[in-house]
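Take a look at the structure below.
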Amino acid sequence: MSAVSFDRVTKKYGDVVAVDGLSLDLYPGETVALLGPNGAGKSSTLDLLLGLRRPDSGTVRVFGTGPREAITAGRVGAMLQSGGLMDEVTVGELVRLACDLHPRPYRVQDVLAAAGIDQIADRRVNKLSGGQEQRVRFALATAGANDLIVLDEPTTGMDVTARQAFWATMREQADRGRAVLFATHYLEEADAIADRVLVLHRGRLLADGTAAEIKARAGARKVSFDLDELRENGAALEQRLRGLPFLSTLDISGHTVRLQSTDADATVYALYGLGVHPRNLEVAGLGLEQAFVAITAAEEARSA
């Protein structure tokens, strides 16, 4: 059984279509990154998944039941950006409350330790830093034996060490068979952590695959090199570089050239045909962030 199933789900706000016929399935043991530009429908998708909104059409199922039923049964833990924390209580008291309310709770001390907040258990919530608040939200989301963990921008405000510890804990959760779904603007996290990447655009599922598959789908490669000739003949040579075949983007900084090409072999061959002498030539695949930008930009161009 899938952990989450969206079947042709649509959600509108007036004339705005936030989720447009979305169909997807998530499975136990997967760590899935949900990506998309602002307005892509990520927050609305999470709201539908958590039963905070109802679809205008289509169905959302969580472990074979409605979202609210799954949450009531303690099968779903969520860490959201919206909503505040109770101020006039300590961290330990707030986590204890979450454990007491969960149908399948963990020990309070174990939850505090897993979130890295056992040392601040006696501190009042309104005295926390932004990163500490995020770790408290994580503790509340994992106060019991959830089968699905939903995270919205979970590492915002965390330092590098805290982020690394957080994702190590999330990997342990997935290894135990739990499904982990997270929305993030840190695309390097999605690249390093996710088993699967979903790209939303205008409420539609634009891409679904591993990070490597998403990068391959972009179809372009990065080429970089130093070109000493730019020092003496910059403007004229830049015009010639812009005429290279299969060029997607071109950026020149000083005597360093960075470009993207849909056929790197042909572009590099033509580069040498210009009679120049590139140094430190490197050809590499796009990173996930660059592939994401390329895919969404291509979709915008088709929709225009």
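Quick notes on this structure:
- Largest-first ordering by accessible area, 1.4 Å probe, given options Met1, Met79, Met86: Met1, Met86, Met79
- Residues with amide H under 5 Å from that of Leu205, placed H, sequence gap 5 or more: Ser23
- Grouping the Cα pair distances of the stretch 116-156 into 5 Å bins from zero gives a pair-distance distribution of 5, 21, 33, 21, 14, 6, 0 percent in increasing distance order.
- Added length on full extension, which subtracts the Cα-Cα distance from 0.36 nm per residue, Glu172 to Arg107: 21.7 nm
- Taking each residue as 0.36 nm, the span from Arg240 to Thr65 lengthens on full extension beyond its C-alpha to C-alpha distance by 56.9 nm.
- When both the stretch 165-208 and the stretch 1-72 are represented by their alpha-carbon centers, they are found 15 Å apart.
- Here the spin labels are modelled as points 7 Å beyond Cα on the Cα-Cβ line, and at Thr249 and Ala212 they lie 2.4 nm apart.
- Under the convention that each Lys and Arg Cβ holds +1 and each Asp and Glu Cβ holds -1, the size of the dipole of the stretch 27-139 around its Cα centre is about 180 debye.
- Interchain or long-range residues, amide H under 5 Å from Tyr106's placed H: Gly144, Ala145
- Over all other residues within a Cβ to Cβ distance under 10 Å of Lys12, the charged ones net out to -2, with Lys and Arg as +1 and Asp and Glu as -1.
- Max mean-square fluctuation residue, GNM over the chain, Cα-Cα springs under 10 Å, options Gln134, Gln81, Gln239: Gln239
- Length released on extending from Ala301 to Glu282, taking residue separation times 0.36 nm less the Cα-Cα span: 4.0 nm
- Remark: the chain carries 49 Å² of accessible area per residue (probe radius 1.4 Å; ligands, DNA and RNA excluded).
- Sequence-distant residues sharing a close amide H with Val19 (under 5 Å, placed H): Lys11
- Here the chain is scanned for trypsin sites (Lys or Arg not before Pro) in DSSP loops (not H, G, I, E, B) that have at most 13 other Cβ atoms within 10 Å, and the longest stretch holding none of them is 177-304.
- 19 Å tail of the calculated P(r), the stretch 21-104, as % of Cα pairs: 51
- Atom-type composition of the exposed protein surface of the stretch 241-304 places 52 percent of the accessible area on carbon and sulfur (1.4 angstrom probe).
- Counting only Cβ charges, +1 for Lys and Arg and -1 for Asp and Glu, the dipole size of the stretch 123-172 around its Cα centre is about 300 debye.
The values are calculated or read from the model by the stated rules, or taken from the named source; none is laboratory data. Just so we're clear, the structure is a prediction, and the values are computed from it rather than from any experiment. In this analysis, Cβ positions are derived from the backbone assuming ideal geometry, glycine residues included, and neighbour counts consider all displayed protein chains. SASA here: full protein model, heavy atoms, side chains in, ligands and nucleic acids out. Shrake-Rupley method; radii C 1.70, N 1.55, O 1.52, S 1.80 Å.
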